[in-house]
Amino acid sequence: MAKTKAFLREFLFNNPVYDYLYMSRIRKSADAGIVKPDTLRIELTNLCNTSCIMCPRDKLTRPQGIMSNEVFERAVKQALALGIGKILFSGFGEPLIDANIVERIKYAKKSGISLVHLFSNASLMGKKIAAGLADSGLDLLVISLDATEEKRFSGIKPGLNFNGVTSNIIFLLDYLSGKNGHNPKIKVRLTGFENEIYDMRLLDQLREKGAQIVSPGLHSWSGQWEGADFSPVRLMAEKGWPCYLLWTSVTLLWDGSVSLCCKDFNCIYNFGNIKNEGLAEILQGAKLADIRRRHLERSFAGLKLCASCESVQSLLPWWRIKNAGQK
Ligand code: SF4
């Protein structure tokens, strides 16, 4: 399956007719302002309780902290006003360090956000937090487990307790199976280092209890992480299509700054701060417009992060984006 996909991708990349038609469609959708942001990524905190070997967090140069209520509530209200219906709590920290996490999920859902996703390492998900998350209205919880055996786990996620994390996950899954009403979907994520061996008994147990096992693969954080044992796909600078994230997703950091995307962990591209101006104003700003234009012209060379990006986001066909191509 992976080989077929890779073959198809290469075929499409190298097919001039497809390329022409695809770019025409992208330009048409982008120029007409049809594709609009539908997702807000919120970094509730950039504090973390581990230092995973595939995370470039040790290169963070910006201040560390937790988002204030004022910034959070402003972000949710302004996102809704822009028609954004999905919030991902992710970023460069462990969101469960934020003591208000459950209240914040409830606030987003009560305010009208239809999909709320949370990414966590589950190490701080004790029984009370697990029950709180299960009952909060959360739609999806992605748990980064990354290994299925204690020694390998400690090597990847120093300082975290493997047995504690797996017990937390199992408690949550059991809690969910015993309750009615809206339950979040649970995905357990394995990073996918090459030649990694997993304990299938644990994975089968998690599957049987209702979790889905996913393995998204590694990337280089747009050339900012060198921990190499993976096969990169083609880089944007070599040949990429415009990255749909620039049109569909907004990345908000804990201090209220709006950055380029999930890979811009040091906020190299700071488009503005919602403490000082509205989200709508920030998204209409000249800085973002210039980067979008350069993507549409496919001149990635001067764009520090995008040029070194593995172009994964540009591979998603624009016609799969919900609001693309509408009149
Ligand atoms: S191309 Fe890569 S670095 Fe640029 S906006 Fe998209 S995901 Fe971010």
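Where the centre of each part is set by its Cα atoms, how far does region 1-62 sit from region 68-88, in angstrom? After rounding, the separation between the Cα centres reads 22 Å. Quick query: amide H of Ile213 versus all other amide H atoms, modeled in the peptide plane; which residues come in under 5 Å with a sequence gap of 5 or more or a different chain? For Ile213, whose amide H was placed from the backbone, the distant partners under 5 Å are Val188. Unpaired cysteine residues in the chain (no second Cys Cβ under 4.7 Å): Cys48, Cys243, Cys261, Cys262, Cys267, Cys306, Cys309.
A full extension of the chain between Glu150 and Lys185 corresponds to an added length of 10.1 nm, given 0.36 nm per residue minus the alpha carbon distance.
Principal-axis analysis of the Cα atoms of the chain puts helix 162-177 at an angle of about 90° to the longest axis.
Quick one: grab the alpha carbon gyration tensor of region 34-322, order the square roots of its eigenvalues as a ≥ b ≥ c, and give me rounded if a/c is under 1.5, else prolate or oblate depending on whether a/b is larger than b/c. It comes out oblate by the Cα gyration axes.
Only helices enter the 222 nm calculation for the chain: every DSSP H run of n ≥ 4 contributes -39,500 (n - 2.57), and dividing by all residues gives -10500 deg cm²/dmol, rounded to 500. Neighbour counts of other Cβ atoms within 10 Å put Met67, Met23, Met200, Met54 in the fewest-to-most order Met200, Met23, Met54, Met67.
Between Phe7 and Ala99, the FRET efficiency estimated from the beta carbon spacing at R0 = 35 angstrom works out to 0.10. In this calculation the C-beta distance from Leu80 to Tyr20 is compared with R0 = 35 Å, giving a FRET efficiency of 0.40.
Place a point 7 Å from the Cα of Gln224 along the Cα-to-Cβ direction; which residues of region 249-265 have their backbone N under 11 Å from it? From region 249-265, the list is 259-265. Using 0.36 nm per residue and subtracting the Cα-Cα separation, the extra length available between Asn69 and Glu297 on full extension is 78.1 nm.
Using a cut-off of 21 Å between Cα atoms, the listed pairs Lys110/Lys209; Lys157/Lys185; Lys109/Lys179; Lys86/Lys209 include Lys110/Lys209; Lys157/Lys185; Lys86/Lys209 as exceeding that distance. For Glu94, the residues whose amide H sits under 5 Å from its own are Leu47, Cys48, Asn49, ignoring neighbours fewer than 5 places away on the same chain, with H placed 1.01 Å from N. In order along region 272-279, the phi-based Karplus estimate (6.51 cos²θ - 1.76 cosθ + 1.60, θ = phi - 60°) of 3J(HN,Hα) comes to x, 10, 5, 6, 9, 8, x, 4 Hz; Gly and Pro are listed as x. Taken as Cα centroids, region 262-276 and region 184-214 sit 33 Å apart, rounded to the nearest whole angstrom.
If I model a spin label at Gln284 and Ala32 as a point 7 Å from the Cα along the Cα→Cβ vector, what separation in nanometres do I get? For the pair Gln284/Ala32, the computed spacing is 2.1 nm. Taking amide H positions as modeled 1.01 Å from N, with prolines and chain starts lacking one, the residues under 5 Å from Thr148 and 5 or more places away or on another chain are Asp199.
FYI, it's all coordinate maths here, none of it is from the lab. Given the structure is predicted, the values throughout are model-derived calculations rather than measurements. Virtual Cβ from ideal backbone geometry, glycine too; neighbours counted across all protein chains shown.
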